[in-house]
1. On the given criteria, is A175 surrounded by fewer than 18 Cβ atoms within 10 Å (Cβ to Cβ), out of contact with any Gly (no Cβ under 8 Å at 6 or more places or on another chain) and within 24 Å of P142 (Cα to Cα)?
2. Can you tell me which residues in region 283-309 are surrounded by fewer than 22 Cβ atoms within 10 Å (Cβ to Cβ) and in contact with a His (Cβ under 8 Å, 6 or more places away or on another chain)?
3. When region 99-109 is examined, which residues are found to be at pLDDT below 95, in contact with a strand residue (DSSP E or B) (Cβ under 6 Å, 6 or more places away or on another chain) and either in a strand (DSSP E or B) or of a type in the set (A, V, I, L, M, F, W, C) (or both)?
4. Does region 323-336 include one or more residues that are surrounded by 14 or more Cβ atoms within 10 Å (Cβ to Cβ), more than 22 Å from the chain's Cα centre (by Cα) and not in a loop (DSSP other than H, G, I, E, B)?
5. I'd like the full set of residues that are assigned to a loop (DSSP other than H, G, I, E, B), small (G, A, S) and within 16 Å of F268 (Cβ to Cβ), limited to region 233-257.
6. Within region 68-75, does at least one residue satisfy the condition of being modelled with pLDDT of 85 or more and either among the small types (G, A, S) or more than 25 Å from V111 (Cα to Cα) (or both)?
7. Need pairs with beta-carbon distance below 9 Å; first residue farther than 20 Å from V52 by Cα and touching a residue at least 24 places away in the same chain (Cβ under 8 Å) and within region 359-386, second among the charged types (D, E, K, R) and assigned to a loop (DSSP other than H, G, I, E, B); sequence gap 6+ or separate chains.
8. Which residue is nearest to E117 (Cα to Cα), if the candidates are limited to region 73-92 and must be of a type in the set (A, V, I, L, M) and crowded, with 22+ Cβ neighbours inside 10 Å?
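The values are calculated or read from the model by the stated rules, or taken from the named source; none is laboratory data. Just so we're clear, the structure is a prediction, and the values are computed from it rather than from any experiment. Cβ coordinates were reconstructed from backbone atoms using ideal geometry, including for glycine residues, and neighbour counts include every protein chain displayed.
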Amino acid sequence: MLFDARILAVTFLMAASSSLALMADEPIDVKPAPVNLLWKPLRNEWREWIGVCDLGWRKRITALSVGQNGEIWVGTSDGRLLSMADDKWVVQAELPGLQIRSIATVVPETVWLSTNEGLRRLDWNDGLWKLTSFRNYYQGPPAFVSGGYFPGEDAVRSWGHVDRVYIPPRKDTYAPFAISTEHGLFSFGGYGIVWHHYLPHYWGANSAWMDLRKLVAHRRPTSIVEDADSHLWIGTHWDGIVRLNGHARDYHERSPNENEKDGTEFTFIDSKEIGVEFDEVVSLAHGLEHGIWAVLALSDQREILARFDGNAWSTMRLPGKGDRANCIAEVKPGTILVGLQENRSGSIINIDWETQKIKPVKGPQYDIFEIISLPDGRIFTASPYGLYEKSTSNQN
């Protein structure tokens with residue numbers, strides 16, 4: 001019996017090792033290289049960086065992010081990953097066949113990418129990036145046996161398009177998070193090698209795992225952001241807005257008897273609470289002081305700008321109908337930039353929330369899909385066809 005038990009244990013562990021091997025490819029080396037990029041001036045002290053991507057047939061800018069040290073990261077539809085600091089550019093990686101959809105940095109030495117074929121992680125090591133590919137995720141709940149990680153129901157599923165990978169800047173427990181309108185909301189758990197629909201031991205040591213599919217029932221998350229009070233907000237299509245409340249996000253650090261479920265761990269925000277009937281959260285952005293900003297799409301193609309100031313919701317209607325907003329950012333307290341699909345009024349509009357006055361921003365062009373406001377006052381925006389920067393000297 002002892003001999004049989006040992007065989008069974010070894011077989012079990014081999015099966016675990018085999019299944020884990022499916023979750024990540026062996027790392028490969030990637031060498032960065034500096035590149036000389038130029039810029040040209042635009043109106044109102046905006047400038048456009050030239051040559052970020054070879055805008056040839058079906059080659060586009062697809063991702064824009066800011067790193068831990070304020071450096072700018074750009075990804076393209078043909079797998080080019082670049083970074084810029086002090087106007088100096090480096091091509092960090094060339095990944096043919098991949099479309100980079102988003103970029104998130106844990107520390108300067110670790111960078112995550114969401115792509116059209118799962119997720120990738122870059123780890124800096126002795127002058128090279130170690131590139132690890134994550135092509136799969138676990139569909140069902142996991143089970144822990146003698147310290148090993150075993151797949152649950154339905155076992156391994158293949159990633160397709162992953163819209164965004166996100167690392168909250170304040171509380172990064174169970175991060176990165178990934179959102180995919182094909183697959184749902186995910187955390188990176190299981191000893192740091194497995195993507196799944198769960199928050200491990202959300203209510204403390206040995207507690208049940210939180211099923212993220214219950215939070216986003218239609219499994220169509222559209223956006224994710226952390227606010228200044230450490231609340232994690234998840235925008236969805238058809239499930240409203242889900243907030244993982246900041247006070248509950250460190251439950252794993254407490255003993256189980258201090259973590260009884262009390263119904264305040266999550267907040268579910270629907271049309272009734274905000275005051276408008278909406279189908280989809282198009283974009284979320286953190287407020288500079290408290291709360292968040294949201295662009296909400298209505299069933300008749302109109303869009304609403306909504307603000308939660310930490311206590312209550314308020315709204316205003318965005319101009320036009322069918323001129324879809326792509327992104328939003330608060331650049332100064334009460335001053336909002338909204339990136340639009342190309343239309344007659346321009347690609348970005350500036351909104352003064354107190355007066356509700358709207359004016360077009362001249363400079364950036366085409367379909368603006370991302371806006372980043374830096375603490376030093378600089379603003380970066382990206383369209384599929386160009387990367388734009390505004391200096392600190394004139395922010396009108």
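1. no
2. D309
3. Residue satisfying the conditions is T105 alone.
4. Narrowing region 323-336 to residues surrounded by 14 or more Cβ atoms within 10 Å (Cβ to Cβ): 323-331, 334-336.
With more than 22 Å from the chain's Cα centre (by Cα) added as a condition, the list becomes 323, 334-335.
Filter once more, keeping what is not in a loop (DSSP other than H, G, I, E, B): 335.
Yes.
5. G240
6. Yes - at least one qualifying residue is present in region 68-75.
7. Between residues of region 359-386 that are farther than 20 Å from V52 by Cα and touching a residue at least 24 places away in the same chain (Cβ under 8 Å) and residues that are among the charged types (D, E, K, R) and assigned to a loop (DSSP other than H, G, I, E, B), there is no close pair.
8. L81
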